[in-house]
Number of protein chains: 2
Amino acid sequence: MLRGDITAAIRNAVMNELAEVGYGRLSIEAVARRAGVGKTAIYRRWSNKLEMVLEIVSAVAERSVPMPDTGSFAGDLQLLMFIVSKALQHRIASQIIPDLMAEAARNPKIAETLQRALRTHQLAVGEKIVGQAVTRGELPAGTNADLAVDLMLGPLYWRLAVSRTPIDDDYLENLSHAVIGALRQGGPAT
Amino acid sequence: MLRGDITAAIRNAVMNELAEVGYGRLSIEAVARRAGVGKTAIYRRWSNKLEMVLEIVSAVAERSVPMPDTGSFAGDLQLLMFIVSKALQHRIASQIIPDLMAEAARNPKIAETLQRALRTHQLAVGEKIVGQAVTRGELPAGTNADLAVDLMLGPLYWRLAVSRTPIDDDYLENLSHAVIGALRQGGPAT
DNA sequence: CCAGGACGCAACGGTTGCGTTCCGGCGCTC
DNA sequence: GAGCGCCGGAACGCAACCGTTGCGTCCTGG
């Protein structure tokens, strides 16, 4: 019976407000103001700020990051990096994600939600890509998928979300070459 | 004429409060309470929250991250990674750094301070290490120092500050091997 | 046509924090 | 031993937000 357009306006307002002031400073009143909605409408849907944010954010996060399968590891890797870099350059995402990551460090419920919404999926993607590469013989058998994920996503995240330096196609290509090089000899320590 | 022990207590309280609630929720009153100090003592030293936090944080940040010079690139890299991983595993630092990074995305003054206190120095260290390795012939001449810094620090930061998975010595060694592999063939795209 | 529910709006009392002011106490230095 | 300046503490007026409530309106289904 809740009106869908109102719910959508609230969801939208939460994402924007989250991007502008962060979770710590997010207030229900500001969300209502921004959505052009009474506070009542919000409390009718969620019982508090945390629950609201978690539900909305994970709903958004769950529809993203496909499984690349281009036939070669280099192709998979470049596609994955391209997608992730696009996502991390999105105005709202690039504000919200680091903010919630930081918040997760002190709020276990946020940590758990983020873990489920992002990390688990990332690990699955990484394992699949690496696994395919190993069966194709492109990577050594002992390749550590965990390490691979860190190498694939770490530098991207670092550059886009932390140091916030712009990225171009050349950089992305250099990076993917570097990661391939890393994984080829990044197996068990010699 | 300001008492030094009071100043120290405030600095300490700010760091701890920052770690617990983050910049967004940091309040002068809480800092004063924690330091066992009157608000007056704080306003006598800094004129507002932002100025206080920036001064205190950059004072702490400036005394860190030495220049490794072990004689080999592998040695430099492992030492650097060891130091950084220790720093990022420090209870307070691991909370404050991601928090301020996220805050920097929406506050230019924080961004500028962090840039000066951390990133600039990191880049200098990276350039020095890579430069030494190139003159020694351990890395190809065209090696991109920018990319190198991203590869050295990105995965570490990702793992310790974002996914918050524990790290052991083996992992660190694998990672450094991988990074060396990456840089050896991460030059200009073929 | 009517009942019911979701809507916005405004207001409630209570809490928190801001930045400022004034106080009396304490420890310097001269 | 007088005076100066920092100290903690308390209170100030102001603003924001909390979560709740009551009001009147509008839309919808029966």
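The values are calculated or read from the model by the stated rules, or taken from the named source; none is laboratory data. None of the values given here were measured: they were computed from a predicted structure. Positions of Cβ are backbone-derived with ideal geometry, glycine not excepted, and every protein chain shown enters the neighbour counts. Side chains included, ligands, DNA and RNA excluded: accessible areas come from the protein's heavy atoms. Shrake-Rupley method; radii C 1.70, N 1.55, O 1.52, S 1.80 Å.
Set Lys and Arg Cβ to +1 and Asp and Glu Cβ to -1, take the dipole of region A:28-102 about its Cα centre, and tell me which of A:Phe73, A:Ala59, A:Thr40 lies farthest positive. It is A:Thr40.
Enclosing the Cα atoms of the protein assembly as shown in their convex hull gives a volume equal to 154 cubic angstrom per residue.
Report the calculated FRET efficiency for B:Arg116 and A:Asn12 (r = Cβ-Cβ distance, R0 = 35 Å), to the nearest 0.05. Computed FRET efficiency for B:Arg116 and A:Asn12 comes out at 0.45. Within the straight-line cut-off of under 27 Å between alpha carbons, the lysines reachable from B:Lys128 are B:Lys86, sequence neighbours fewer than 8 places apart in one chain being disregarded. Of the listed residues B:Thr135, A:Thr120, the order by accessible area with a 1.4 Å probe, largest first, is B:Thr135, A:Thr120. Shortest first, A:Gly75 label-point distances to identical copies amount to 4.5 nm, with the label point at 7 Å from Cα along Cα→Cβ.
Residues of region A:99-121 that bury at least 20 Å² of accessible area when the other protein chains are present, relative to the chain alone (probe 1.4 Å, heavy atoms, ligands and nucleic acids excluded): A:Asp99, A:Met101, A:Ala102, A:Ala105, A:Arg106, A:Arg119.
Rg/Rh for chain B (Cα atoms only, Rh after Kirkwood) is 1.06. Between the Cα long axis of helix A:120-136 and the first principal axis of chain A there is an angle of about 20°, rounded to the nearest 10. Largest to smallest in accessible area, the residues A:Glu62, A:Glu173, A:Glu127 fall in the order A:Glu62, A:Glu127, A:Glu173 (1.4 Å probe, all protein chains included). In the context of the full protein assembly, B:His177 retains an accessible surface of approximately 50 Å², using a probe radius of 1.4 Å and ignoring ligands and nucleic acids. Think of each Lys and Arg Cβ as +1 and each Asp and Glu Cβ as -1; about the Cα centre, that makes the dipole of the protein assembly as shown roughly 1640 debye. For chain A, a crude dipole built from +1 on the beta carbon of Lys and Arg and -1 on the beta carbon of Asp and Glu, taken about the Cα centre, is about 840 debye to the nearest 20.
Expressed as a whole number of Å, what is the distance separating the alpha-carbon centroids of region B:38-109 and region A:51-130? Going from one Cα centre to the other spans 26 Å.
Once the Cα atoms are used to define both axes, helix A:91-104 deviates from the longest principal axis of chain A by about 90 degrees. Label reach from B:Arg164 (point 7 Å along Cα→C-beta): in region B:16-59, amide nitrogens under 20 Å belong to B:16-26.
Taking chain B as a Gaussian network of alpha-carbon nodes connected by springs under 10 Å, the highest mean-square fluctuation of the residues B:Pro68, B:Pro98, B:Pro108 belongs to B:Pro108. With all protein chains in place and a 1.4 Å probe, the accessible surface of chain B carries 55 percent carbon and sulfur. Listed by chain and number, the lysines whose alpha-carbon sits under 23 Å from that of A:Lys49, ignoring those within fewer than 8 places in the same chain, are A:Lys39, A:Lys109.
List, shortest first and in nm to one decimal, how far the label point of A:His90 (7 Å from Cα along Cα→Cβ) is from its counterparts in the other copies. In ascending order, 3.6 nm. Chain B and chain A together bury an accessible surface of about 3900 square angstrom, both sides counted, with a 1.4 Å probe and no ligands or nucleic acids included. The sum of -39500 (n - 2.57) across all DSSP H runs of n ≥ 4, divided by the residue count of chain B, sets its helix-only mean residue ellipticity at 222 nm to -22500 deg cm²/dmol.
Once the Cα atoms are used to define both axes, helix A:49-62 deviates from the longest principal axis of chain A by about 40 degrees.
Each copy carries A:Gly38; placing its label point 7 Å along the C-beta direction from Cα gives inter-copy distances of 4.8 nm, listed from smallest up.
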